[in-house]
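Undergrad: Got a structure for you, written out below as structure tokens; questions coming shortly.
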Amino acid sequence: MKPELRDIVEPGSEEAELLARLDMDRLPRHVAVIMDGNGRWAAQRRRPRVFGHRQGLISVREVVETSARLGVGVLTLYAFSRENWKRPPREIETLMGLLVEYLRGEVKTLEENDIRFQAIGRPGDLPLPVQEELERATTSTRDNQGMIFNVALSYGSRTEIVDAANRLLARREAGELSGPITEDSFADELYTAGQPDPDLVIRTSGELRLSNFLLWQAAYAELHVTPTLWPDFRKRHLFAAIADFQGRDRRYGGLSEETS
């Protein structure tokens with residue numbers, strides 16, 4: 001076991017057993033997570049939705065730190081979609097406040113774990129104080145060489161694809177681009193440009209849909225759906241998802257990895 005993993009699992013625990021099953025040479029390069037179920041988690045306890053959102057921050061902290069220590073190259077968390085702007089203003093205000101709270105409290109931990117933070121989507125839609133905290137976190141961790149930690153904010157995959165197309169059109173009109181548009185040139189204009197596509201997409205709460213998340217990038221990702229609500233998601237659930245991923249026969253529309 002990697003030395004950096006020893007202090008995140010108790011010997012003989014379920015987590016330790018799951019971790020021992022993982023092939024560290026076959027980890028997904030990019031793990032993306034649709035964090036769902038905060039509201040249901042709170043409702044089950046007859047508490048307001050904000051209680052679920054706050055509890056969900058504990059899951060974020062654990063998954064980010066565990067992913068980095070495992071050696072995952074990129075982690076992307078779907079935190080706030082463009083559709084989420086339709087929620088009640090009070091709930092949106094609370095979510096923005098929790099985001100600021102998380103950033104202020106976790107930047108030091110991100111730096112200590114060599115994690116590079118960045119926001120993807122349209123963070124310019126967010127309130128100015130939130131944008132300022134995002135910029136501080138991005139700047140503070142810019143030179144880190146470990147895991148890239150993307151937080152998708154005011155994010156919608158269809159919007160991302162339209163934004164990429166418009167950037168390509170602007171480059172062509174400016175004379176910066178000639179010849180046909182290729183999949184590679186298009187991918188270079190996505191919010192995740194330069195990063196590997198997700199190998200594994202995890203969805204919590206049991207819902208069986210992508211919800212407009214990384215539609216281009218997740219074309220060949222393996223999907224892992226768990227009934228666990230996001231506030232209950234812990235490292236053991238992450239290990240189980242990766243073990244499930246490693247048990248798949250990835251064919252990419254053709255031969256499997258073993259026979260290609």
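The values are calculated or read from the model by the stated rules, or taken from the named source; none is laboratory data. Small disclaimer: the values here were computed from a predicted structure and weren't measured. Here Cβ is always computed from backbone atoms with ideal geometry, including for glycine, and neighbour counts include all displayed protein chains. Remember, those area values only see protein heavy atoms, side chains included, never the ligands or the DNA or RNA. Shrake-Rupley method; radii C 1.70, N 1.55, O 1.52, S 1.80 Å.
Undergrad: Using 0.36 nm times the number of residues separating Glu83 and Asp143, minus their current alpha carbon distance, what extension gain do you get?
TA: Stretched fully, the Glu83-Asp143 segment lengthens by 18.3 nm.
Undergrad: In a shell of Cβ-Cβ distance under 11 Å around Asn84, excluding Asn84 itself, what net charge do Lys and Arg (+1) and Asp and Glu (-1) give?
TA: 0
Undergrad: Pairs of Cα atoms under 8 Å, at least six residues apart: use those to get the relative contact order of segment 7-92, whole percent.
TA: This gives 34 percent for segment 7-92.
Undergrad: Hey, of (1) 16.9; (2) 15.9; (3) 11.8, which did the structure itself give for mean projected area of the Cα convex hull in nm² when calculated?
TA: Among (1) 16.9; (2) 15.9; (3) 11.8, the one derived from this structure is (2).
Undergrad: What list of ³J(HN,Hα) couplings, whole Hz, do you get for segment 127-135 from phi and the Karplus terms 6.51, -1.76, 1.60, once you set θ to phi - 60° and write x for glycine and proline?
TA: Result, rounded to whole Hz: x, 4, x, 5, 4, 5, 5, 4, 5.
Undergrad: If you don't mind, there's one more thing I want to ask. Less than 15 Å Cβ to Cβ from Arg209, Lys/Arg counted +1 and Asp/Glu -1: what total charge do the surrounding residues give?
TA: With Lys, Arg at +1 and Asp, Glu at -1, the net is -1.
Undergrad: In addition: Tell me what the chain gives for mean residue ellipticity at 222 nm when only DSSP H runs of n ≥ 4 count, each as -39,500 (n - 2.57), the sum divided by the residue total, rounded to 500 deg cm²/dmol.
TA: -13500 deg cm²/dmol
Undergrad: Something else now. For segment 114-204, which GluC sites (Glu not before Pro) are in a loop by DSSP, counting at most 14 other Cβ atoms within 10 Å?
TA: Glu176
Undergrad: Which whole-number percentage describes the relative contact order of the chain, with Cα contacts under 8 Å and a sequence gap of 6 or more?
TA: Rounded, it is 27 percent for the chain.
Undergrad: Right, something else. Residue-wise, which Karplus ³J(HN,Hα) couplings in Hz belong to segment 219-226, taking 6.51 cos²θ - 1.76 cosθ + 1.60, θ = phi - 60°, and x for glycine or proline?
TA: Each residue of segment 219-226 in turn: 3, 10, 6, 7, 9, 10, 10, 10 Hz.
Undergrad: Set the Förster radius R0 to 22 Å, insert the Cβ-Cβ distance between Arg21 and Arg251 as r into 1/(1 + (r/R0)^6), and round the FRET efficiency to 0.05.
TA: Efficiency for this residue pair is about 0.45.
Undergrad: Of the heavy-atom accessible surface of the chain (probe 1.4 angstrom), what whole percent is carbon and sulfur?
TA: Roughly 49 percent of what the probe reaches on the chain is carbon or sulfur.
Undergrad: List the residues whose amide H sits under 5 Å from the amide H of Ala79, counting only those 5 or more places along or on another chain, with H placed 1.01 Å from N in the peptide plane.
TA: Residues meeting the amide H criterion: Ala152.
Undergrad: Also: Taking the solvent-accessible surface of protein heavy atoms with a 1.4 Å probe, what is the per residue accessible area of segment 173-260 in Å²?
TA: 51 Å²
Undergrad: Let me ask something additional. Tell me, what is the FRET efficiency for Ser178 and Glu10 to the nearest 0.05, using R0 = 45 angstrom and their Cβ-Cβ distance as r?
TA: With R0 = 45 Å, the Cβ-Cβ based efficiency is 0.15.
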